[in-house]
Amino acid sequence: MELTKMLEMVRLTEDELIGGFITTKKGYYYTVLNRKDKNGKRKPLWISTGLPAIEKNEAEAENQCLSARIQYSLDLKNGVADKTLAHEEPENNSVQDNSDEKHSLNPLFADLLNEWLEFRHPDNVVVGEDFNFDKTIKLNTWAGYAENIKQNLYPTFMAYGCTVQEITPELLKGHYSYRLKNGRKKSTVAKDYTIINQALNYAVSKKMISVNPNSAITLHKIEKYNAATLNAEQMLNYLEFIVDDIIEIPILLGGFYGMRRSECLGARESQFDFKYKFFRANHTVTTAVIDKKKIYIPSDKLKTDLSNRTYPLIPYVEERIKAKITENKELRALCGNSYSKEWLGYLCVDPLGEIIDPNYITNRHSDLLRKAGLPHVRFHDLRHSCVGLMMANEVPMERIRDWVGHSDIRTTVNTYGHLEYQSKKKTAKIIQKSLPLKMAGAANLLGLTAP
């Protein structure tokens, strides 16, 4: 039965339902309720389930936990829960209250997530030898973390009511399993894992805990995405179809050079040297949503050091880039003060000089493919299509790595190895010569010529 319907039956709201979670202690599952005393200070209530902490008992322990939360919430609503708590006093009033100090070393995990988020803000100078905290993150990455914490992790772990020191591998496994069972993609749960892992590493560095409990968990491997690609004929038809379209330049740069969408958006006139026929991919434009407001983030910091690369200017691309520069200058003269000054020099702008939104590029790209009668591929798949064309023409992996800007050739092999058909065809020919076939026509089973 769904939780909402269950609460309706007992006349409770989700706001009235006390937080709680299951954990293990001395080999048994326990329910821990997020109970508070009369002063609002947390005083967790531990309830034994009597169930040994083994996998087959986990579901029953979760059911007992939910039942305990509902029963306690009903008692609290009816004024019969923990009456003795209201009369509890310290045994010795002279004893110093160290609750604030204890809280700083063992805060609610939900609060720790916000503390870690503030710590990792790109504007903060992060210094420390532990857990790679010396590396700053991009603002759009941080904004993604912030949105996940605000909409998902903070309310979830606030409902659990567990402190940092009460986080266990079993509790985290339960969280990940619950998310997967409720239809979340493995990639989405993997993002939860990343945030939780880094927050707990932060807790270790602050000596709140000695070991990161998340490190004991291995997520299911995310299935590799095999990208759809356009072949040479399809790519040619597409490039002819999109001439003079508002997203022609991003498609050209993605299709000819395998550039990422953010790199295409970051293309500026100053990056092109028409005298010596080359250009540099050394700038990006990304977006982030902060406080419900979308912002555009120009940056000279690329994904990796090797992402900062120089390309030769293909004559057709040079022609179209020059045409776009001329068009933008004419529109600026025509629009006068109505033309945006913020993005002067950028190629991928609309008629009023505003930067084109990345999501618009994605959606417009899909519409153009459909109108051109071509199979659907994501915008990022233009990058894969570019690599596929290079592999079809036997360009070595090392040169492909440099072309697409990977820092490690293993990334290139893992991402594009399935496209390397020519080398497999050569291997098939070697096998065929080693195992000559006598059956008439059998030599052509793989589309090969008989030796």
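The values are calculated or read from the model by the stated rules, or taken from the named source; none is laboratory data. Owing to the predicted nature of the structure, the values given are computational and were not obtained by experimental measurement. Ideal geometry is used to build each Cβ from the backbone, glycine not excepted, and the neighbour counts take in all protein chains shown.
Tabulated data
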{"quantity": "Gly144 being more than 28 Å from Glu60 (Cβ to Cβ), part of a helix (DSSP H, G or I) and touching a residue at least 40 places away in the same chain (Cβ under 8 Å)", "calculated": "yes"}
{"quantity": "Residue in the range 190-198 that is among the β-branched types (Val, Ile, Thr) and crowded, with 19+ Cβ neighbours inside 10 Å present", "calculated": "yes"}
{"quantity": "Number of positions in the range 370-397 that are within 12 Å of Thr229 (Cα to Cα) and hydrophobic (A, V, I, L, M, F, W, C)", "calculated": "7"}
{"quantity": "Any chance Thr310 is free of Cβ contacts under 8 Å to residues at least 60 places away in the same chain and in a strand (DSSP E or B)", "calculated": "yes"}
{"quantity": "For Leu389: the one exception among (1) at pLDDT below 90; (2) among the aliphatic types (A, V, I, L, M); (3) under 26 Å from the mean Cα position of the chain (by Cα)", "calculated": "(3)"}
{"quantity": "Residue in the range 22-31 that is part of a loop (DSSP other than H, G, I, E, B) and either modelled with pLDDT of 85 or more or surrounded by fewer than 15 Cβ atoms within 10 Å (Cβ to Cβ) (or both) present", "calculated": "yes"}
{"quantity": "Residues located in the range 195-254, provided they are of a type in the set (Ser, Thr, Tyr) and in a helix (DSSP H, G or I)", "calculated": "Tyr202, Ser205, Ser215, Tyr238"}
{"quantity": "Single residue of the range 321-360 satisfying the filter (within 34 Å of the chain's Cα centre (by Cα) and among the basic types (Lys, Arg)) that is farthest from Ile297 (Cα to Cα)", "calculated": "Lys324"}
{"quantity": "Residue match in the range 346-369 (condition: out of contact with any strand residue (DSSP E or B) (no Cβ under 9 Å at 6 or more places or on another chain), of a type in the set (Gly, Ala, Ser) and loosely packed, with under 12 Cβ neighbours inside 10 Å)", "calculated": "no"}
{"quantity": "Residues that are buried (at least 23 other Cβ atoms within 10 Å of the Cβ) and assigned to a helix (DSSP H, G or I), drawn from the range 258-292", "calculated": "Arg261, Glu263, Cys264, Leu265"}
{"quantity": "Among the residues listed as Val377, Val387, the single one being in a loop (DSSP other than H, G, I, E, B), surrounded by 13 or more Cβ atoms within 10 Å (Cβ to Cβ) and not small (Gly, Ala, Ser)", "calculated": "Val377"}
{"quantity": "Residue in the range 402-423 that is in contact with a Phe, Trp or Tyr (Cβ under 9 Å, 6 or more places away or on another chain) and either part of a helix (DSSP H, G or I) or at pLDDT 60 or above (or both) present", "calculated": "yes"}
{"quantity": "Qualifying residue in the range 333-351 (condition: in contact with a Cys (Cβ under 8 Å, 6 or more places away or on another chain) and in the same structural domain as Asp273 (by TED's automatic domain parsing))", "calculated": "yes"}
{"quantity": "Qualifying residue in the range 41-53 (condition: among the hydroxyl-bearing types (Ser, Thr, Tyr), out of contact with any Lys or Arg (no Cβ under 7 Å at 6 or more places or on another chain) and part of a helix (DSSP H, G or I))", "calculated": "no"}
